[in-house]
1. Which of the three applies to the range 1-89, rounded, prolate or oblate, going by the alpha-carbon gyration tensor with a ≥ b ≥ c and a/c under 1.5 meaning rounded?
2. By average Cβ neighbour count within 10 Å, what is the ranking of 94-100, 16-22 from highest down?
3. How much mean residue ellipticity at 222 nm does the chain get from its helices, if each DSSP H run of length 4 or more adds -39500 (n - 2.57) and you divide by all residues, to the nearest 500 deg cm²/dmol?
4. For a protection proxy built on the mean count of beta-carbon atoms within 10 angstrom, sort 148-154, 82-88 highest first, please.
5. Compute the Cα gyration tensor for the range 11-58, then decide on rounded, prolate or oblate, letting a ≥ b ≥ c be the square roots of its eigenvalues: rounded whenever a/c is under 1.5, prolate when a/b is larger than b/c in the other cases, and oblate in all that remain.
6. At 4 °C and 1.567 mPa s, what whole-number value in µm²/s does Stokes-Einstein give for the translational diffusion of the chain, with Rh from the Kirkwood sum over Cα pairs?
7. In the chain, with Lys and Arg counted as +1 and Asp and Glu as -1 at Cβ, which of these residues, V175, G187, A71, has the Cα nearest the positive end of the dipole, that is, farthest along it?
8. What is the chain's relative contact order, in percent, from Cα pairs under 8 angstrom and six or more apart in sequence?
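A short reminder: the numbers here are calculations on the coordinates, not readings from a lab. Quantities reported herein were computed from a predicted structural model and do not represent experimental measurements. So basically every Cβ, Gly included, is an ideal-geometry build from the backbone, and we count neighbours across all protein chains shown.
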Amino acid sequence: MARVMIVDDHPIVRDGLKTYLSLQADLEVIGEAADADEALAVARAAPPDLVLLDLRLASGSALTLIPALRALRPPPRVVILSSYLEASVADEALRLGASGYLLKHVGRGTLVDQLRAALRGEVVLDPSAVDLLARPTVSPLATLTDREREVLACIVDGMTNKQAAQALGISEKTVKTHVSHLLAKLGVRDRTQAAVMGVAGLRAG
């Protein structure tokens, strides 16, 4: 029986996944976590075969959690389950060692089939992720000015606008303006989504 851990900061999502996966004869949910620190602690205490990981956690991007999980021995498979899809983020997740990238609108039966495939060593992708990754695209990050990229790096580091202003030697009002502009350019609603994109893009750039 394969041991599964669920990492998502929404209790109702964890409960729903746990209830359904527990109905499968070959899958056992052995742990759950709401953030990266808890996930590593749980995984070390009860090693899973597969981690079902939401990308956007309240504590920040889950991308940095992927290599930490894969460094465990034996290394679990890591499958992203997210409501958010952006080519550079999906590509970075796979580069960091994820075995798949699925979206939360996936059917329950399909989800189980994909998890079983990942456990067999296959890479599993939502069809829309396959299409997106296959397209030659220009990342929205390339449209940012140098200063906007610096502000984005501050967001990735978890800084407030005030802290970013102090770090960059500019006014807090100017930082707010840059944040507004970069959110619009990246096509995201908030700083958390921008940080997810920034973790992948700034590291690659």
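1. On the way: a/c = 1.56, a/b = 1.19, b/c = 1.32.
The shape class here is oblate.
2. On the way: 94-100: 20.4, 16-22: 15.1.
Result, highest mean Cβ count within 10 Å first: 94-100, 16-22.
3. Rounded to the nearest 500, the figure is -15000 deg cm²/dmol.
4. By packing density, highest mean first, the sequence is 148-154, 82-88.
5. Details: a/c = 2.28, a/b = 1.26, b/c = 1.81.
It is oblate, given that a/c is not under 1.5 and a/b is not larger than b/c.
6. Working: Rh = 17.8 Å.
Answer from the Stokes-Einstein relation: 73 µm²/s.
7. V175
8. Reported relative contact order: 17 percent.
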